[in-house]
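**Q** Input: one structure, supplied below.
Computed from the coordinates by the stated procedures, all read-outs in this text should not be read as laboratory data. Predicted model, so just to flag it, every value in this text is computed and none were measured. All Cβ positions, even for glycine, are placed from backbone atoms using ideal geometry, and neighbour counts span all protein chains on display.
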Amino acid sequence: MVDPDNPFASRVIVNRVWHHLGRGIVPTPDDFGVLGQRPTHPELLDHLAASFAADGWSLKRLIKRLVLTQTYAMSSDASAGKNSSIPTMRCSTRACVRRLQGEAIRDAILAVSVLPTPPCSAIRCRST
């Protein structure tokens, strides 16, 4: 499975990391098989998988390589991207907009607030 001649494992890892940063190169990260969708950019996936294996399977180097790319740095403004009206482009000319969950927003606000500790929950306050 991790034979250097078989890039399957490195391709799956690269796609999963790319998927966490936005949308994966293979839109179905859980299915690389016959039932899954084809990669949108197979040459890019092969290049990243080969460089990932050549770097000693370092996730830190892979993430650094991905976040320093021009694709990752693109604006999410729909008017900024060329061909943004073409539905099949699927955010290849601009960054995809992702919704942030309410819990993540709350956690970020609490992290930067001046409160020394998060407010107590109803269960903990009743017991004191």
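**Q** How many residues does segment 26-69 hold that are closer than 15 Å to residue 8 by Cα, charged (D, E, K, R) and surrounded by 14 or more Cβ atoms within 10 Å (Cβ to Cβ)?
**A** 1
**Q** Now a separate question. Quick check on my filter: what residues within segment 43-59 are free of Cβ contacts under 8 Å to residues at least 12 places away in the same chain, part of a helix (DSSP H, G or I) and not hydrophobic (A, V, I, L, M, F, W, C)? It would help to see each step written out before you state the result.
**A** Here is the first cut: in segment 43-59, the residues free of Cβ contacts under 8 Å to residues at least 12 places away in the same chain are 43, 47, 54-56, 58.
Narrowing further to those that are part of a helix (DSSP H, G or I): 43, 47, 54.
The answer is 43, 47.
**Q** Restricting attention to segment 7-22, does a residue exist that is in contact with a helix residue (DSSP H, G or I) (Cβ under 6 Å, 6 or more places away or on another chain), in a helix (DSSP H, G or I), surrounded by 12 or more Cβ atoms within 10 Å (Cβ to Cβ) and of a type in the set (Phe, Trp, Tyr)?
**A** For segment 7-22, residues in contact with a helix residue (DSSP H, G or I) (Cβ under 6 Å, 6 or more places away or on another chain), in a helix (DSSP H, G or I), surrounded by 12 or more Cβ atoms within 10 Å (Cβ to Cβ) and of a type in the set (Phe, Trp, Tyr): absent.
**Q** Let me ask something else. Could you give every pair whose Cβ atoms fall below 8 Å, whose first residue belongs to segment 11-34 and is free of Cβ contacts under 8 Å to residues at least 60 places away in the same chain and of a type in the set (Phe, Trp, Tyr), and whose second residue is crowded, with 16+ Cβ neighbours inside 10 Å and part of a loop (DSSP other than H, G, I, E, B), counting only separations of at least 6 or pairs across chains?
**A** As it stands, the answer is 18/24; 18/25; 32/26, since those pairs meet every condition given.
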